[in-house]
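Since every read-out is calculated from the coordinates, none of them should be taken as a lab result. Bear in mind the structure is a predicted one, so any value in this text is a computation, not a measurement. Neighbour counts run over all protein chains shown; Cβ positions are idealised from the backbone, glycine included.
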Amino acid sequence: MKLVSYKTEEIEHLGVFLNGHIYNLNSLNHVIPDSMNEFLWGGDALMEAAHRVHEDLISGKVEGKEEVFFELLAPVPHPTSCRDGYAFRQHVATARRNRKVDMIPEFDEFPIFYFTNHNAVQGPGEIRCMPDHFEKLDFELEVAVVLNKKGRNFTAAEADQYIAGYLIMNDMSARTLQMDEMKLNLGPAKGKDFSTVIGPWLVTPDELEAYKVPAEAGHTGNNYALEMKCWVNGIEVSAGNTKSMNWTFAEIIERCAYGCDVLPGDVIGSGTVGTGCFLELNGTGLLNNPDYKSQWLQPGDVVEMEITGLGRLYNTIIKEDSNFSILNLKK
């Protein structure tokens, strides 16, 4: 089942995407709230109700009226929080090699994450950027999960049951801002907090059963073989696979929930897949060829991301009509 959030006449709604159409869930079962956030707080009971509506639509038992004029939003328009992990060893090792530093051994000891700005989460459409963001503006190709249960101090063996579904994530990054502030060993902050893109819909775990593969030896939790790709202006720039995640989402969630409540509506990203950003690609290119021409996102660029089973996410980079620079405020 593919769940969406969308807007009609400035009002947000919850829907199901089926055969190219969106159907409002609340209109087909009034028990289901007409917002994703309320729906996620309903846990398994509301998820089962939504599955019943979905099955009735497929079988023709009910006829829904598809939405015609709407704006597609982030599937979870108002996350309770947004964390991003560091699960792909290939990305970490390559990025460190490109900087001529050794692989950090702690990567293999425990999963990590950082909190990003949950109020800057957005869906398909325009990504509006300030001038400083274009100082090495980057995409990051990721997969993410959304939770629909509250929990605390549970193990990785229990963690997958907290996952409502999966979606594509683009962890947008302004690298000059990011690298400046992280010299102070705090962050990332302004290099990340302007936009995190998720979408186009939230896919429930049952749709991914056919892609399930074993987790790496010594690791716990569900793992899937889903191809991941990114195009910029129609040119493929990145390709990877979720099966190369070294840390599972279950293990990341276990750490998130240690001594802390995780909540319905929490969004948790995987971190960047290997080759999944210009920072890594440019570093590898320059390492192999000093004359390599680095690439960064520019105004007007179209970024498309696709993950098997999770859909295709489109965004266009837009420059705000402003010359204001916080980089120029440095003392």
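Summary of computed values
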{"quantity": "Segment HIS51-THR308, extension gain: residue separation times 0.36 nm, minus the distance between their alpha carbons", "calculated": "90.4 nm"}
{"quantity": "Extension reserve of the LYS331-VAL68 stretch, reckoned as 0.36 nm per residue once the Cα distance is removed", "calculated": "89.4 nm"}
{"quantity": "Cα gyration tensor shape for the range 207-331, rounded if a/c is under 1.5, else prolate or oblate", "calculated": "prolate"}
{"quantity": "Cross-link partners of LYS2 among lysines (Cα-Cα below 27 Å; sequence separation of 8 or more within a chain)", "calculated": "LYS61, LYS65, LYS149, LYS150, LYS212, LYS229, LYS243"}
{"quantity": "The range 1-73, relative contact order [Cα under 8 Å, separation at least 6], %", "calculated": "34 percent"}
{"quantity": "Sites ASP291 and ASN29 - FRET efficiency at Förster radius 56 Å, r taken between beta-carbons, to 0.05", "calculated": "0.40"}
{"quantity": "Order by protection proxy (mean Cβ within 10 Å, highest first), peptides 91-98, 66-73", "calculated": "91-98, 66-73"}
{"quantity": "Helix runs (DSSP H) in the chain reaching 18 Å along axis by Cα, Kyte-Doolittle at least 1.0", "calculated": "none"}
{"quantity": "Ordering of 191-197, 163-169, 210-216 by burial proxy (mean other Cβ atoms within 10 Å per residue, highest first)", "calculated": "163-169, 191-197, 210-216"}
{"quantity": "Fraction of antiparallel bridges per DSSP, the chain only, in percent to nearest 5", "calculated": "85 percent"}
{"quantity": "Global geometry of the range 277-331, whether rounded, prolate or oblate, following the gyration tensor of its Cα atoms and the 1.5 cut on a/c", "calculated": "oblate"}
{"quantity": "TRP231 versus ILE318: modelled label distance in nm, points set 7 Å from Cα along the beta carbon direction", "calculated": "2.2 nm"}
{"quantity": "Alpha carbon centroid spacing (whole Å) that separates the range 268-293 from the range 181-198", "calculated": "18 Å"}
{"quantity": "Centroid-to-centroid separation of the range 92-168 and the range 25-40 [C-alpha atoms, Å]", "calculated": "28 Å"}
